[in-house]
Each structure stands twice: as C-alpha cells, then as structure tokens.
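Novice: Have a look at this one before I ask anything.
No lab work stands behind these numbers, since they all come straight from the coordinates. In this text the structure is predicted, and so the values were computed from the model without any measurement. Using ideal geometry, Cβ is built from the backbone for each residue, glycine included, and neighbour counts are taken over all protein chains shown.
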Amino acid sequence: MKLAGIYVYASNFEGLGITAVGAMSAGLPVVASEVPELKEVVKAAGRLVLPSNEEVLPRAISQILRSSQIRQRMPAASQKRAGHFTIDGTVDALINLYESFMHART
C-alpha cells in the first residue's frame, strides 16, 4: 500500500471493511461504496459513493487525484478514523458495552 496514492473499494456488499481500515491506517485517501458496513468504517474520513450510480465513483476518484487540498487533508482524517479500530480501542468498546449491560440489569 505504500506505493498507492488512493484506495478504492467498490462493492455492493461488505462484511467488515478491514482492508479499508488498513488503507486508512496507511494514510491513504479512501473512496468506498456507501454500503452499511463500509459507511460505518469510513464515515467522513473518506468519500462514500452509491454503488448503484456508476458515474459517481470515477468522479470521486478524479476529485481526489486532482485536488492537492483534498489529498493533503484526507491522510490525517483516514489515520484518525483507523485509530478507532485498534485492538485496544476494540477491547475498550467491548468493556464499555458489557458494563452498560451490567448497569442496565441492576
């Protein structure tokens, strides 16, 4: 991924989006299909496009490649968003979830 300038994930279905997390962790600008799983992973750190509209994907890629301002802004946003998917972050989220269940039972 070090040689890539952008990461594009065009899909009609995705189970987790772990490769998008890897791309964001590497600081790549991400263009992904706006399917629930990728939408949750990418959020505002990248560009989400409707998979049913074949015109928006190349337009989104072109906008990123042509705009130095976007290319300079997106790596930090990508890395920040990817930070939500670390092992420590996942463990903390699970602990908080379990604790909320325990408090709800009392």
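Results for (1) exposed (fewer than 11 other Cβ atoms within 10 Å of the Cβ); (2) in a helix (DSSP H, G or I), shown as yes or no for each residue.
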{"residue": "Gly5", "(1), (2)": "yes, no"}
{"residue": "Phe13", "(1), (2)": "yes, no"}
{"residue": "Leu28", "(1), (2)": "no, no"}
{"residue": "Ala44", "(1), (2)": "yes, yes"}
{"residue": "Ser52", "(1), (2)": "yes, no"}
{"residue": "Leu65", "(1), (2)": "no, yes"}
{"residue": "Asp92", "(1), (2)": "no, yes"}
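Novice: Further, regarding this structure: Just name the residue that is nearest to the chain's Cα centre (by Cα) out of those in the stretch 15-26 that are of a type in the set (Gly, Ala, Ser) and assigned to a loop (DSSP other than H, G, I, E, B).
Specialist: Among those residues, the one meeting the criterion is Gly17.
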